[in-house]
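To start, the structure itself, in C-alpha cells.
The values are calculated or read from the model by the stated rules, or taken from the named source; none is laboratory data. If you're wondering where the values come from, they're calculated on a predicted model, not measured in any experiment. Because the Cβ atoms are built from the backbone with ideal geometry, glycine has one as well, and the counts that use them run over all protein chains shown.
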Amino acid sequence: MLQQKRILMQEYANDFVFRLKDLHVNFDKYKYYPRDEKFNSAIYDSDRKLIFSTLESNKVHLDDVAYRSGGKIHFIEEPESYYLGAKYIVLEIPDDEEWLILLEKEITLFVLIAFFFMTLLGYFLLKIFLRPMRDALHLLDRFIKDTTHELNTPVSAIISNVEMIDIQSLDEKLARKIKRIDIGAKTISNIYEDLTFLTLDNKIISQNEILDLSTILKQRVEYFKTLAEVKKIEFILDIKKDISIFCDKKKLAKLIDNFLSNAIKYNKVKGKILVTLYENHMSIEDTGKGMSQEQIENLFQRYVRFDNSVGGFGIGLNIVSLIAKEYNFKIDVISKLGEGTKMEIRW
C-alpha cells in the first residue's frame with residue numbers, strides 16, 4: 001500500500017516542484033505559495049529549517065522517503081535545484097485505513113480457511129496414524145475383559161472352598177499352605193474387582209440401599225486378616241454399632257477394600273492398623289511408610305504408584321475417588337513420612 005501511495009505522491013511531487021519552480025522564477029509576480037486540495041506540503045532548507053508549511057503534522061522525518069505517522073502518509077522529495085531555497089519538499093496526504101480493514105478481512109478469511117483445512121487434514125491423518133494403536137487398545141481391552149471374566153469363577157471357587165476348611169484342625173505345615181492359597185486367591189480377587197470396575201468405566205448401575213456399615217466394615221477387616229497376618233500386622237477396631245449408610249453394597253466394599261489393602265501393603269512388619277467408625281465418619285490409619293505432600297496431591301490419579309516394591313497397578317485409589325464423587329464422600333489424607341498414613345472419609 002505504501003509503495004502504491006509512494007508512486008502517487010511522486011506524481012504529486014513532480015507537479016508541486018513544477019509549480020514551485022514557476023513561483024521561484026516569477027516570485028515578484030505571484031508571491032503565493034502553491035497549494036493543492038489533494039495534499040498538504042512544506043519546504044525545508046539545507047539546514048533542515050522550515051521555510052513554509054501547510055502540514056497538519058508538526059514533526060517530519062526528512063531522512064525517510066515515505067512513511068506513515070499520526071494518521072498521515074508523508075513523502076520526502078529532494079528537487080534538483082533549490083527553488084525558493086528548498087532542499088527538501090514534504091508532501092502529506094491522509095492515511096486511508098480502508099486498506100487495513102480490507103487486509104484484516106483477507107487475513108482473517110485466509111486464517112480461517114487454513115485452520116479449517118489443517119484441522120480437516122489433521123483429523124484424517126490422526127485417524128490413519130492412530131488406527132493401529134486404537135485396534136491394539138481395543139484388543140487389549142477385550143483381552144482384559146475376557147481374562148477377568150475367566151478368572152472370576154475359579155478364584156471364587158478357591159476362596160469359597162478355603163473358607164470352608166477348618167484350619168484349626170489341620171497340622172501347622174498344612175495350615176500355612178492353605179493360608180498361602182487363601183492369600184493368593186484373595187489378591188487375585190481384589191485385582192479382578194478393580195479391573196472389572198475400570199473396564200465397565202464406572203457404568204455399573206448402583207443398587208443403593210440402607211446398609212449396616214458397622215457390620216460390613218467388620219466383615220471386610222475379617223476378610224483381610226489373612227493378608228495382614230503375613231506381615232504380622234495387628235488390627236485395632238473402634239467401630240460403633242448400628243452405623244448405617246445409603247450406598248451400593250459392592251461399591252462400598254470396594255472402597256473399604258482399597259483402603260485396607262493399601263494399609264497392609266505399605267505398612268511395616270508388626271505394624272498396626274486402626275479402623276475407626278462413628279456417625280458420618282470412617283478412618284483407616286496405618287503405621288507404615290507415610291507420604292510426602294507431593295505424593296498426597298497425586299494420590300488419586302490413575303496408574304500412579306510411589307513404591308514399585310509392592311504389588312498393584314495404581315488403580316485402587318482412583319476407583320475410590322470415583323466412588324467418592326458418586327456419593328459426595330469427602331476424603332482427607334493425613335500422612336507423615338516414616339510415621340504412617342490416615343485416610344478419613346466423611347459423608
Fill in the blank from the handout: Those residues of the stretch 303-323 which are out of contact with any Ser or Thr (no Cβ under 8 Å at 6 or more places or on another chain) and modelled with pLDDT of 80 or more amount to 315, 317, 318, 319, 320, 321, 322, 323
Practice task
May I ask you to list the residues in the stretch 9-53 that are part of a helix (DSSP H, G or I), touching a residue at least 40 places away in the same chain (Cβ under 8 Å) and either under 21 Å from residue 95 (Cα atoms) or within 60 Å of the chain's Cα centre (by Cα) (or both)?
Solution key: 9, 10, 12, 13, 16
Problem - Any hit, the stretch 185-193, residues being touching a Leu at 6+ places or on another chain (Cβ under 8 Å), of a type in the set (A, V, I, L, M) and on the phi < 0 side of the Ramachandran plot - result: yes
Completion exercise
Residue pairs within 6 Å by beta carbon, gap of at least six or interchain, first lying in the stretch 74-96 and in the same structural domain as residue 52 (by TED's automatic domain parsing), second buried (at least 19 other Cβ atoms within 10 Å of the Cβ) and small (Gly, Ala, Ser), listed first then second, are 77/13; 90/42; 91/13; 91/41
Exercise for the section: Search the stretch 35-45 for residues being touching a helix residue (DSSP H, G or I) at 6+ places or on another chain (Cβ under 8 Å) and either of a type in the set (Lys, Arg) or surrounded by fewer than 16 Cβ atoms within 10 Å (Cβ to Cβ) (or both), and hand back the single one that is farthest from residue 82 (Cα to Cα). Expected result: 38
Fill in the blank from the handout: Filtering the stretch 241-264 for residues that are surrounded by fewer than 18 Cβ atoms within 10 Å (Cβ to Cβ) and over 39 Å from the mean Cα position of the chain (by Cα) leaves a count of 2
Problem - Any chance residue 56 is in contact (Cβ under 8 Å) with a residue 60 or more places away in the chain, in the same structural domain as residue 17 (by TED's automatic domain parsing) and of a type outside the set (A, V, I, L, M) - result: no
Handout entry: Flag for residue 244 being of a type in the set (Ser, Thr, Tyr), out of contact with any Lys or Arg (no Cβ under 9 Å at 6 or more places or on another chain) and over 25 Å from residue 163 (Cβ atoms)
Key = yes
Exercise for the section: Exactly one condition in (1) surrounded by 13 or more Cβ atoms within 10 Å (Cβ to Cβ); (2) in contact with a strand residue (DSSP E or B) (Cβ under 8 Å, 6 or more places away or on another chain) is not met by residue 238; state its number. Expected result: (1)
Practice task
Take the residues in the stretch 163-203 that are among the hydrophobic types (A, V, I, L, M, F, W, C) and not in a helix (DSSP H, G or I), then tell me which one is modelled with the lowest pLDDT.
Solution key: 200
Fill in the blank from the handout: Here the residues within the stretch 275-299 that are more than 25 Å from residue 219 (Cα to Cα) and not hydroxyl-bearing (Ser, Thr, Tyr) are 289, 290, 291, 293, 294, 295, 296, 297, 298, 299
Exercise for the section: Answer yes or no: is there a residue in the stretch 302-312 that is in a strand (DSSP E or B), assigned by TED's automatic domain parsing to the domain that holds residue 222, surrounded by fewer than 18 Cβ atoms within 10 Å (Cβ to Cβ) and charged (D, E, K, R). Expected result: no
Exercise for the section: Of the conditions (1) closer than 26 Å to residue 321 by Cβ; (2) assigned to a loop (DSSP other than H, G, I, E, B), residue 232 clears all except one; give me its number. Expected result: (1)
